[in-house]
There are 2 protein chains.
Amino acid sequence: MTLDERKKLILESIIKDYVETAEPVGSRAMVKKHGLKISAATVRNEMSDLEDMGYLEQPHTSAGRIPSQKGFRYYVDCMMEQENLDEKETQVLLHLLDDSFQEVNDLVQKIGHFLAQITKYTSFVIIPSVRLSKFKYLQLVPIEPGKALVLLVTDLGVVMHRNIEVPQSITAPEMELIGRMFNQVLAGKKITEIQRSDLQQLRDELKQRRKVIDRTLEAIESLLDNSSEERVIISGALNIMNEPEFKDVDKLKKILAFLEEETQLMGMLPESLGDEVDIRIGQENQSEDFKDLSFVFASYQTQGEQGKMGLMGPVRMEYWKAVGSLDSVRDIIEEIIKKRF
Amino acid sequence: MTLDERKKLILESIIKDYVETAEPVGSRAMVKKHGLKISAATVRNEMSDLEDMGYLEQPHTSAGRIPSQKGFRYYVDCMMEQENLDEKETQVLLHLLDDSFQEVNDLVQKIGHFLAQITKYTSFVIIPSVRLSKFKYLQLVPIEPGKALVLLVTDLGVVMHRNIEVPQSITAPEMELIGRMFNQVLAGKKITEIQRSDLQQLRDELKQRRKVIDRTLEAIESLLDNSSEERVIISGALNIMNEPEFKDVDKLKKILAFLEEETQLMGMLPESLGDEVDIRIGQENQSEDFKDLSFVFASYQTQGEQGKMGLMGPVRMEYWKAVGSLDSVRDIIEEIIKKRF
DNA sequence: TGTTAGCACTCTCTCTTATTGAGTGCTAAT
DNA sequence: ATTAGCACTCAATAAGAGAGAGTGCTAACA
């Protein structure tokens, strides 16, 4: 279904106005505001057509029109021109990321913050699971007699550690040796790929230090368990409070509670994303609770694995800005990761 | 100023009712509900007296009475019996903490969560600054040629790390040596106590490896800077949304924004706390923004240093429960820390 | 045949005006 | 000192009366 130029123009005007003001748009006001060359009556006729086609709706008989979710969908699919970060915004982001950051997590945190700030929506950035990154380095660090620290570093600079107990008798050089063995067997493997057989091999080679090995293996497993779920970092959750459609505390509570439960958010992520952004408008989200929220998802690549990020806002969202920001940020983030790791 | 028994009884009844319902309490309703042996008219007279004394106030002429902030203060100071955790709650907490946790931070996180859940208020727990804990162990871990990790462990099990760049030429044994030197000089010192002279001594002893030393020192400093501010962990921020006095989105926004700014919260903590809890009712907080919030603060001791925790709720707060919970939790937390570290 | 002006009609929003009911304060009786 | 009785107050709710923005329809127009 395609619309003629004038209908498109009118739909676009209504969307822009409504996104800005959150109020139904009337024919007269619209003609005035946009300085259109046609009369209000004509606009009314066109509006009526658009309503019949399902792209507009009326809150009540004598109100102006607002875009329906189908209207937004049409706009997004067929008419929208995305609005990337401008020069200044890009500078701000680059400057923000210029400071030394230690690992991917810091980077992601900052990006999330930036996205929320620039769009005024709620942002979330998902850090790819460490399971998918590569094992880089392991060391056993003796802390005090009977205690040691398992230190695990991945290729993206993520450092994980965990305390273990070891026999009092074991010496520092022995521990070092054990660490070295681990490194030989595991170096460069994807963390998901570490197999029982590898671990078994280790056990065999280091029979005489079984206890330390076992503890270390347990520690590694526990580290992976703890961080195997992808972590999501949410920023700007309070931004939704500025949207007039969420002046109601109960609605708000539902949304904020949803954001607090990371698992819920993870659950509604798109399985996999290409280069395209994925836009979910209102009811296109399964859940009843999100029927007046929209989401825009995008992905970024790190060392071959996929991270995700997104923005959440009202249905009355500046999709062009959201999509453009995500797109620009994706480019920047990928470049930086390539350069740094 | 002391009140006679009957006035106390009436004040208490009003407080209990008002805390429960958030509605002004009328004389008749009160007599009925509590099965008092005196008539509504008598209660009215007493109420009138209490109002003259400033312990009660009337939202408007023909409404019931609500306790004034002074009334709450009197109750808290002179009449309140704190309500500690009961058997079951204690069990829940102990069970929660039974699982292995790696360091103080995990412990604190869980405690915060528990406090928020049990009281239905917003909790915050402050982790004592690492500056105050003791240096336990440092190691330089070679990660790959030209890169190393500075690993710093404190006596409370907090592990901090940071990447540094090192000359390609340096060997693992050399690094180990450097680490050992650091340990000798710094071992057991409080982190605040590490003096320039100590660091200078190190520089002298290890002249030939100046670059590594310098980088390591920078890393240590940066670690300390990053974690020298006491960290605060906030739980149950959304609980305030259940209080009828915060049905207004703008009020809510102010409070949530306040909670997001950790520094602001830190700024209003009491300087030092004895064993007593510190209660701040409404306007007793300096800021205008908190005039309808109450805070209850308490401290806990870790290895000689003081951590703090607290609860935030409406002025209409169950102070007895808040104080009791904090008191009980303090005992439990201190015992566990003593046992573990 | 598409566009426009004119006009009656609709519906929300806001501002007033009752009405109700919980609660008080005062007075007089116990 | 306590209590019953009663007039009075005031918020909260409901009901009614414009006002205003916007529509849909009809008839005139290019």
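Where a number appears in this text, it was derived from the coordinates with a stated rule and is not lab data. These numbers were taken from a predicted model, which means no experiment stands behind them. Every residue, glycine among them, receives a Cβ derived from its backbone with ideal geometry; neighbour counts consider all protein chains shown.
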Give the lysines whose C-alpha is closer than 21 Å to that of B:K247, dropping any in the same chain fewer than 8 places away, or say none. A:K247, A:K251, A:K253, A:K254, B:K120, B:K291
The lysines whose Cα lies under 16 Å from the Cα of A:K308, excluding any fewer than 8 residues away in the same chain, are A:K110
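Within region B:131-228, how many Lys pairs that are eight or more residues apart, or on different chains, come under 16 Å at the alpha-carbon? Could the numbers behind the result be given before it?
On the way: B:K134/B:K189; B:K134/B:K190; B:K136/B:K189; B:K136/B:K190; B:K147/B:K211.
Taking the Cα cut-off of 16 Å, the pair count is 5.
What does the C-alpha gyration tensor say about the overall shape of region B:5-79? Classify as rounded when a/c is under 1.5, otherwise prolate if a/b is larger than b/c, or oblate. Kindly include the intermediate steps, with their values, before the conclusion.
Numbers: a/c = 1.31, a/b = 1.18, b/c = 1.11.
Note, shape of region B:5-79 comes out rounded.
Looking at the square roots a ≥ b ≥ c of the eigenvalues of the Cα gyration tensor of region B:92-132, which shape do they give, rounded for a/c under 1.5, prolate if a/b is larger than b/c, or oblate? Before the final figure, lay out each step's value.
Numbers: a/c = 3.74, a/b = 1.24, b/c = 3.01.
The shape class here is oblate.
What do the square roots of 5 times the Cα gyration tensor eigenvalues come to for region A:197-341, in whole Å, largest first, as semi-axes of the equivalent ellipsoid?
Numbers: eigenvalues 317, 83, 31 Å².
Each semi-axis is √(5λ); the values are 40, 20, 12 Å.
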Placing a label point 7 Å from Cα toward Cβ, how far apart in nm is B:Q303 from its equivalents in the other copies, listed shortest first to one decimal? 3.2
Part-to-part distance (alpha-carbon centres) for region A:215-283 and region B:308-332, which is given in Å: 31 Å
Once you order the gyration tensor axes a ≥ b ≥ c over the Cα atoms, which shape class does the protein assembly as shown get: rounded for a/c under 1.5, otherwise prolate or oblate by comparing a/b with b/c? oblate
Under the Debye formula (equal points on every Cα, no solvent term), log10 I(q)/I(0) of chain B at q = 0.11 Å⁻¹: -0.81
Proximal lysines relative to A:K7, as straight alpha-carbon distance under 22 Å, when same-chain residues fewer than 8 apart are discounted: A:K16, A:K32, A:K33, A:K37, A:K70
Residue order, fewest to most surrounding Cβ atoms within 10 angstrom, among B:R162, B:R210, B:R44: B:R210, B:R44, B:R162
So, in nm, how far is label A:T2 from label A:S287 when the simple model puts each one 7 Å beyond its Cα toward the Cβ? 3.9 nm
May I ask which residue of B:W320, A:L11, B:L96 lies farthest towards the positive end of the charge dipole of the protein assembly as shown, with charges of +1 (Lys, Arg) and -1 (Asp, Glu) on Cβ and the Cα centre as origin? B:L96
